[in-house]
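The values are calculated or read from the model by the stated rules, or taken from the named source; none is laboratory data. This one's a predicted model, so the numbers in the text were calculated from it and none came from an experiment. All Cβ positions, even for glycine, are placed from backbone atoms using ideal geometry, and neighbour counts span all protein chains on display. Just the protein is used for accessible areas: all its heavy atoms, side chains included, with ligands, DNA and RNA removed. Shrake-Rupley method; radii C 1.70, N 1.55, O 1.52, S 1.80 Å.
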Amino acid sequence: MADSPKSGHFAPGWYGEAMGDGFVARRLGGLSDYQLLNGCLEEVRACDEGELWLLCDAQTRLAERVALAESVRRRP
């Protein structure tokens, strides 16, 4: 959230906003059932913007890796 806006696009693929005494970010795109089952989150919460950015980045990377596992799993 450059220049500390109260809400808007945060990290790639995430919409973030100040909420209460912290911040929350929600995915702009959906997740597969497999991704949800294997730990990917649609929403993350943090105390500050730096923590929120790191959580969004970690969740984005996790979703990418789990999607790869899902594609390998489907191979005959």
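What the table shows:
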item	result
Residues being more than 9 Å from the chain's Cα centre (by Cα) and charged (D, E, K, R) - total across the stretch 14-37	3
Strands (runs of 3 or more DSSP E) (entirely within the stretch 1-45) containing at least 2 residues that are modelled with pLDDT of 95 or more	14-19, 22-27
Restricting the stretch 24-38 to residues that are open to solvent by 40 Å² or more (accessible area, probe 1.4 Å) and in contact with a Leu (Cβ under 9 Å, 6 or more places away or on another chain), the residue that is farthest from PRO12 (Cα to Cα)	ASN38
Pairs with Cβ under 6 Å, 6+ apart, first in the stretch 40-52 and within 29 Å of ALA69 (Cα to Cα), second open to solvent by 70 Å² or more (accessible area, probe 1.4 Å) and in a strand (DSSP E or B)	GLU43/ARG26
Qualifying residue in the stretch 46-64 (condition: within 17 Å of HIS9 (Cβ to Cβ), assigned to a strand (DSSP E or B) and of a type outside the set (Lys, Arg))	yes
First in the stretch 11-22 and within 11 Å of LEU52 (Cβ to Cβ) and free of Cβ contacts under 8 Å to residues at least 40 places away in the same chain, second anywhere and assigned to a loop (DSSP other than H, G, I, E, B) and open to solvent by 40 Å² or more (accessible area, probe 1.4 Å), Cβ under 6 Å, 6 or more apart	ALA18/LYS6; GLY22/CYS47
Test result for LEU31, of a type in the set (A, V, I, L, M), out of contact with any Gly (no Cβ under 7 Å at 6 or more places or on another chain) and under 19 Å from SER71 (Cβ atoms)	yes
